[in-house]
Amino acid sequence: MPLGLSLAPKVLASKSLTSWVTPIAHWYANLAGYRKYGLKYDDLIIEEYEDVQRAIGRLTPRERYDRAFRMKRASHASVLHSVLPKEQWTEPEKDVRFLTPHVQEVEKEDKERAMWDTVFVSRK
Amino acid sequence: MLAARTSSRTVQRIARNFATVVDSAGIKVAAVDNNQPTASVTFLVKAGSRFEPKPGVAHGLKNFAFKSSAKRTALGTVRESEIYGGVLSASLSREHLALTAEFLRGDEQYFVDVLTSFITSARFTPHEYNEYVSPVVESEIEESKLNPGFQAIEAAHAVAFHNGLGSSLLAAPHNSITHEDIRSFAQSTFTRDNVAVLGTGIDQATLTSLVEQSLNKMSTTSQLSSSTSSYFGGETRLQAHGGIQTVFVGFGSAGVPTPEIVALSAYLSPTPSVKWSQGSSPIAAALPEGTAVEVIYMPYTDASLFGFLVQGPTGSAVKEAGKVAVQALKTASNGLKGDDLKKALAKAKFAAASAVDSREGLVSVLGSKVLFGRESSLDSTLTSLDKVSESAFAKAASTLVKVKPVFVAVGDVATLPYVDELGL
């Protein structure tokens, strides 16, 4: 389970809950600090999973290149013990989930394969 | 005393039920039910390589068949079809893409649904192209490199017809095809007037209603275009190593294929009617040891290519065999005398009739005729062969030989003959 549990769909389903939680979510995301290193949230997904590897393979070449670039830049900043200059921070609107949909699709395929592997057939 | 016994049994004649084409709101449906134990449904689409907007897209589309659609995923299609015990296949020719499902009688609802959901709602995802389609495309290209006969015929089409019919069945080894190219080709070709449905072992009414249900939302007009073919002719030599030495000598013609050429290829074909015998073809008797000549006749809707595929272990043996074949063709082009022509016509008629016995044969024989709305029965093919006269044959054969030939040599090009060395 590389993605872990998420309450986001439940929260987004309710309008009032969304308006309550959104400011807290933004505050938390900024506090987490990854944006100061120029990363996107999906760069934090643990990639040492087969599913995630397959999902990364489904990114467009441009997305793959940009992801590698952000990681390189972030590790360099980490070596220097400082965050990036402010103009290179990830803007909240650019912090989109580019990998999660692919991971979810791969998980769905795994689930379907498991279903077909164990399916019990009866003729009508 | 013993009166001649008349048999009381009446031999029940099983009337062959031939495909009738029903045009149901733009989709041509033809079904044949001869009470065979299995049924098959073929969706024949005008999506062959001659219609492709970019080289190799038709090949990509063929390998995209039965991948994920709006109704089920690629894995789901495979597993569910296995549960039903059916076989799904896709094959590509220069004019048609055939998507076929073979299954037990009674499962038609599921399998027609698999075929129509691919036609109407295939997803053409980029990762499926990268993970499933493009590896198969590449391996088919690799495999074709080991088959000099296939290479020779591909090259012959390119030389004979240039564009359109000349475009290769397979994609190029290093191509720039994307899933988007394939998707837009599929959108332009999967339309009502481009699709014909052929069923065997299935009732016409059942098939029509199943097809109508699922294809009612399909758009009518196609944006496909292919210029009418014209024949050019020429020579090309391809260096190859390791394979058998191969030469293709061909004569093409634009226009609707004629039955005279079918008779000519039946007359010349050295394949014996009885195994391990020599046969009475004028080529068979004179062939050098170890060489083989295959008569190739490829009819298309608006052109045809007739020729010899000559194969042998060395260039000089191929040259000898090629000379024999060309000499036989030249003799035959002066016309055939009574019995020879009758024999050729009988062979051609048998070949045409027995082709219809198999499912693949039925689809290939009826397919193009059904799609182009012509008379689709074996009888019409046989009567057209019956009408071949000595004079018509001589005229057709001599015009065929007069055109500039197609010549392709594949193998050791230093030893393989040139076109003038074969006596042309």
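Quick one: count up the residues across segment B:378-424 that are under 19 Å from B:L268 (Cα atoms), of a type outside the set (A, V, I, L, M, F, W, C) and in a loop (DSSP other than H, G, I, E, B).
Counting residues in segment B:378-424 that are under 19 Å from B:L268 (Cα atoms), of a type outside the set (A, V, I, L, M, F, W, C) and in a loop (DSSP other than H, G, I, E, B) gives 3.
Can you find a residue in segment B:110-125 that is loosely packed, with under 15 Cβ neighbours inside 10 Å and either of a type outside the set (G, A, S) or within 14 Å of chain A (Cβ to nearest Cβ) (or both)?
No: segment B:110-125 contains no residue that is loosely packed, with under 15 Cβ neighbours inside 10 Å and either of a type outside the set (G, A, S) or within 14 Å of chain A (Cβ to nearest Cβ) (or both).
Can you name the residue in segment A:36-50 that is under 13 Å from the mean Cα position of the chain (by Cα), surrounded by 12 or more Cβ atoms within 10 Å (Cβ to Cβ) and not in a loop (DSSP other than H, G, I, E, B) and is also nearest to the other protein chains (Cβ to nearest Cβ) among such residues?
Restricting to residues being under 13 Å from the mean Cα position of the chain (by Cα), surrounded by 12 or more Cβ atoms within 10 Å (Cβ to Cβ) and not in a loop (DSSP other than H, G, I, E, B), the top hit is A:D42.
Have a look at A:R64, A:R58 and point out the one that is within 13 Å of chain B (Cβ to nearest Cβ) and either crowded, with 18+ Cβ neighbours inside 10 Å or touching a residue at least 24 places away in the same chain (Cβ under 8 Å) (or both).
That would be A:R58, the only listed residue that is within 13 Å of chain B (Cβ to nearest Cβ) and either crowded, with 18+ Cβ neighbours inside 10 Å or touching a residue at least 24 places away in the same chain (Cβ under 8 Å) (or both).
Of a type in the set (S, T, N, Q), in a strand (DSSP E or B) and more than 30 Å from B:F232 (Cα to Cα), is that true of B:S117?
So B:S117 fails the test.
Hey, among B:L104, B:L146, B:L99, which residue is touching a residue at least 60 places away in the same chain (Cβ under 8 Å) and more than 14 Å from chain A (Cβ to nearest Cβ)?
B:L146
State the number of residues belonging to segment B:59-86 that are assigned to a helix (DSSP H, G or I) and away from chain A (no Cβ under 14 Å).
6
If only one of B:L198, B:L224 is modelled with pLDDT under 85 and not small (G, A, S), which one is it?
Exactly one residue qualifies, and that residue is B:L224.
When you scan segment A:99-124, how many residues do you find that are under 20 Å from A:F69 (Cβ atoms) and either loosely packed, with under 13 Cβ neighbours inside 10 Å or within 14 Å of chain B (Cβ to nearest Cβ) (or both)?
Of the residues in segment A:99-124, 2 are under 20 Å from A:F69 (Cβ atoms) and either loosely packed, with under 13 Cβ neighbours inside 10 Å or within 14 Å of chain B (Cβ to nearest Cβ) (or both).
Yes or no, residue by residue, for (1) closer than 23 Å to B:R94 by Cβ; (2) surrounded by 23 or more Cβ atoms within 10 Å (Cβ to Cβ):
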{"position": "B:G250", "(1), (2)": "yes, yes"}
{"position": "B:G255", "(1), (2)": "yes, no"}
{"position": "B:P272", "(1), (2)": "no, no"}
{"position": "B:S277", "(1), (2)": "no, no"}
{"position": "B:L287", "(1), (2)": "no, no"}
{"position": "B:Y297", "(1), (2)": "yes, no"}
{"position": "B:G307", "(1), (2)": "yes, yes"}
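Which one of these is under 21 Å from B:A346 (Cα atoms) and out of contact with any helix residue (DSSP H, G or I) (no Cβ under 6 Å at 6 or more places or on another chain): B:A285, B:A321?
Result of the check over B:A285, B:A321: B:A285.
When you scan segment B:129-151, do you find a residue that is in contact with a helix residue (DSSP H, G or I) (Cβ under 7 Å, 6 or more places away or on another chain), farther than 21 Å from B:V32 by Cα and not in a helix (DSSP H, G or I), even just one?
No: segment B:129-151 contains no residue that is in contact with a helix residue (DSSP H, G or I) (Cβ under 7 Å, 6 or more places away or on another chain), farther than 21 Å from B:V32 by Cα and not in a helix (DSSP H, G or I).
The values are calculated or read from the model by the stated rules, or taken from the named source; none is laboratory data. Note that the coordinates shown come from a computational prediction; the quantities given were computed from them, not determined experimentally. Every residue, glycine as well, gets a Cβ built from its backbone with ideal geometry; the counts of neighbours run over all protein chains shown.
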